[in-house]
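Written out below as structure tokens is the structure these notes cover.
The values are calculated or read from the model by the stated rules, or taken from the named source; none is laboratory data. These numbers were taken from a predicted model, which means no experiment stands behind them.
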Amino acid sequence: MGEHMQSVRAATVVAVCGMLLPLLAACKSLEPIVAPAYMQRPKAQVVGPQPVDDSPISQKRDTGTYPTFAKPMTAALPQMEKDEAGTMEESMTRLGNARRRGQISETEYKRKVAEMRALYDQQKPVATPAASQ
């Protein structure tokens, strides 16, 4: 029993020291690598007038009014309605089914696909320069 008690005490001492050492180490602040008194201060930099772009976009314009964002946003092209999209989807599905069943010729199918692609190209949004206000 004596040897066992001695090993328990030693283990307890080691455990207590293991918990106290990090706490004691945390209390001591580390010295800075370079003392603040000897640190190099940044030099003041004098900035003079800078060249400005002369384009009209970068110039201030006095319109006499405050800018407003109350106007509703409008699309560049009218948006397709839900029923129009449904109708177009149905017609495309019918066209594909008719081609698969052989009810229309390949040339007729290609003509209608080209027609739809031309409509798509016509409806594509065009990149416009940013509006200046």
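Rundown of residues vs (1) part of a helix (DSSP H, G or I); (2) at pLDDT 85 or above, yes/no style:
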{"site": "Ala85", "(1), (2)": "yes, no"}
{"site": "Ala98", "(1), (2)": "yes, yes"}
{"site": "Ile104", "(1), (2)": "no, yes"}
{"site": "Glu108", "(1), (2)": "yes, yes"}
{"site": "Lys112", "(1), (2)": "yes, yes"}
{"site": "Pro125", "(1), (2)": "no, no"}
{"site": "Ser132", "(1), (2)": "no, no"}
| query | Which residue out of Ala70, Ala76, Ala35 is more than 30 Å from Lys112 (Cα to Cα) and either at pLDDT below 75 or among the acidic types (Asp, Glu) (or both)? | reply | Ala35
